[in-house]
1. Tell me yes or no: at least one residue of the stretch 39-56 is part of a helix (DSSP H, G or I), of a type in the set (A, V, I, L, M) and touching a residue at least 60 places away in the same chain (Cβ under 8 Å).
2. Could you list, in sequence order, the residues of the stretch 110-139 that are more than 24 Å from residue 202 (Cβ to Cβ) and surrounded by fewer than 18 Cβ atoms within 10 Å (Cβ to Cβ)?
3. Which one of these does residue 28 not meet: (1) of a type outside the set (Ser, Thr, Tyr); (2) surrounded by fewer than 15 Cβ atoms within 10 Å (Cβ to Cβ); (3) in contact with an Asp or Glu (Cβ under 9 Å, 6 or more places away or on another chain)?
4. Look at residue 145 and say whether it is surrounded by fewer than 16 Cβ atoms within 10 Å (Cβ to Cβ), outside the structural domain of residue 298 (by TED's automatic domain parsing) and closer than 30 Å to residue 321 by Cβ.
5. Would you say residue 243 is out of contact with any Ser or Thr (no Cβ under 8 Å at 6 or more places or on another chain), in a helix (DSSP H, G or I), of a type outside the set (S, T, N, Q) and more than 30 Å from residue 336 (Cβ to Cβ)?
6. Which of the residues spanning the stretch 1-42 are among the acidic types (Asp, Glu) and touching a helix residue (DSSP H, G or I) at 6+ places or on another chain (Cβ under 8 Å)?
7. Which residue pairs have Cβ atoms under 9 Å apart, sit 6 or more places apart or on different chains, and have a first residue in the stretch 12-29 that is assigned by TED's automatic domain parsing to the domain that holds residue 64 and within 12 Å of residue 114 (Cα to Cα) and a second that is polar (S, T, N, Q) and modelled with pLDDT of 95 or more?
8. What number of residues in the stretch 259-296 are among the charged types (D, E, K, R) and surrounded by 13 or more Cβ atoms within 10 Å (Cβ to Cβ)?
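The values are calculated or read from the model by the stated rules, or taken from the named source; none is laboratory data. Predicted model only: the values in this text are computed from it and were never measured. Don't worry about glycine lacking a Cβ; one is built from the backbone with ideal geometry, like all the others, and counts go over all protein chains shown.
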Amino acid sequence: MIADFERLVAAVQANCHVSDARFARDMGLCTYLLEMRELYRWEQGAAPTAVLPQAAVGAWLSGREAMWGAIEEAELQGLPLDGTTVDPFDVDTMNRALVPHGLVYGAGVGRFGKPQFFLAALDREEQRDGVRILVARHEHARDLGAAAAACRGDTIYLRLESLRRLLWEKAETWAVKRPEGPLQVALDAYGFPDGAEAALERMTAVEAETLTLHELGEVRAGRLLGPQWESMLTSLTDRRAELLARAARDHLADCLVTLPTLLSRNAWPSLHFWFANLDGMRQEIAPAMTAAYAAWRNGDGGRAIGDAVRAGRAHWQRVCEDILALHRDRGVEAQKAIAALSASAATRL
């Protein structure tokens with residue numbers, strides 16, 4: 001264990017609190033309450049499947065919102081490390097020191113400009129296609145809405161604990177009304193009707209690979225689009241423009257790596273789960289994928305999905321390049337035009 005470990009955990013968690021104080025209440029109410037419930041579970045060390053005491057959760061939520069109100073204007077703090085103070089976004093310096101001690105640190109900027117941080121035990125380190133993959137397990141510090149995976153440069157961060165909680169949240173939400181569709185098929189394939197705990201472990205292990213494939217696709221997409229993509233993305237303040245840009249690049253990443261790999265492996269539970277997560281802007285701009293899934297369910301053997309993936313590689317790269325061109329030519333004035341690309345992106349594929 002590194003020196004001043006407790007101080008480091010406290011500093012990372014303090015930055016998580018500041019980020020949550022500034023951005024958490026920008027979420028939709030339903031999303032906010034679900035994320036707060038999962039944050040409570042994590043802080044209390046409760047299993048994802050545990051039934052939570054409503055009164056205790058309510059009191060905790062009120063206290064957390066009061067604490068956020070007191071720190072909303074606070075600055076992010078540097079992180080103590082070997083007698084020095086490190087910028088909270090300097091993940092390379094942090095991980096050079098932490099990884100040999102079995103720890104991993106992550107930091108970045110997520111959707112709508114929200115800073116995200118975590119500190120966790122390192123489960124393992126891998127190398128694939130020239131990309132470093134740091135796999136985290138038990139998390140010592142985290143913020144609200146923890147991303148289960150992220151790519152920073154040529155390093156992928158995969159968070160097993162956050163993935164497990166995310167998967168359970170989806171299964172629990174589905175169980176309220178049990179609608180038919182790809183999520184039901186995926187949950188059945190992993191054995192949820194026979195035992196939730198064991199099924200959750202199986203699903204976490206398998207879907208960690210799907211997340212890794214997506215992030216490898218993100219790396220490949222980043223190499224195609226160049227560094228200007230990230231600078232463009234961070235400049236967007238129009239939410240629909242940002243959602244469109246992120247969705248288009250997600251589709252490019254999945255058409256480059258995720259979906260072709262799952263198809264070649266005949267990994268049908270993961271394919272069903274991928275389509276279960278095709279929602280929001282990603283679904284709006286890719287009706288061909290919805291139609292391809294329907295054809296698969298009707299017995300075409302996945303041919304329509306394969307066709308959509310092959311067409312999608314060039315299509316989504318063009319959409320992303322159109323976004324970059326608009327931003328390059330018009331700067332911040334391009335955002336309405338970028339947002340309006342959602343209609344043409346859907347019809348051109």
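1. From the stretch 39-56, those part of a helix (DSSP H, G or I) are 39-44, 54-56; that's our starting set.
If we keep only those that are of a type in the set (A, V, I, L, M) as well, we get 39, 55-56.
Now drop any that are not touching a residue at least 60 places away in the same chain (Cβ under 8 Å), which leaves 39.
Yes, the stretch 39-56 has at least one match.
2. Listed by number, the residues that qualify are 110, 111, 112, 113, 127, 129, 130, 132.
3. (3)
4. Working: surrounded by fewer than 16 Cβ atoms within 10 Å (Cβ to Cβ): no; outside the structural domain of residue 298 (by TED's automatic domain parsing): yes; closer than 30 Å to residue 321 by Cβ: yes.
When the stated conditions are applied, residue 145 does not pass them.
5. Values: out of contact with any Ser or Thr (no Cβ under 8 Å at 6 or more places or on another chain): yes; in a helix (DSSP H, G or I): yes; of a type outside the set (S, T, N, Q): yes; more than 30 Å from residue 336 (Cβ to Cβ): no.
So residue 243 fails the test.
6. Let us first name the residues in the stretch 1-42 that are among the acidic types (Asp, Glu), namely 4, 6, 20, 26, 35, 38.
Matches in the stretch 1-42: 20, 26, 35, 38.
7. Filtered contacts from the stretch 12-29: 15/77; 16/116; 18/77; 19/116.
8. Just the residues of the stretch 259-296 that are among the charged types (D, E, K, R), to begin with: 265, 279, 282, 284.
From what's left, surrounded by 13 or more Cβ atoms within 10 Å (Cβ to Cβ): 282, 284.
Residues that pass the stated criteria total 2.
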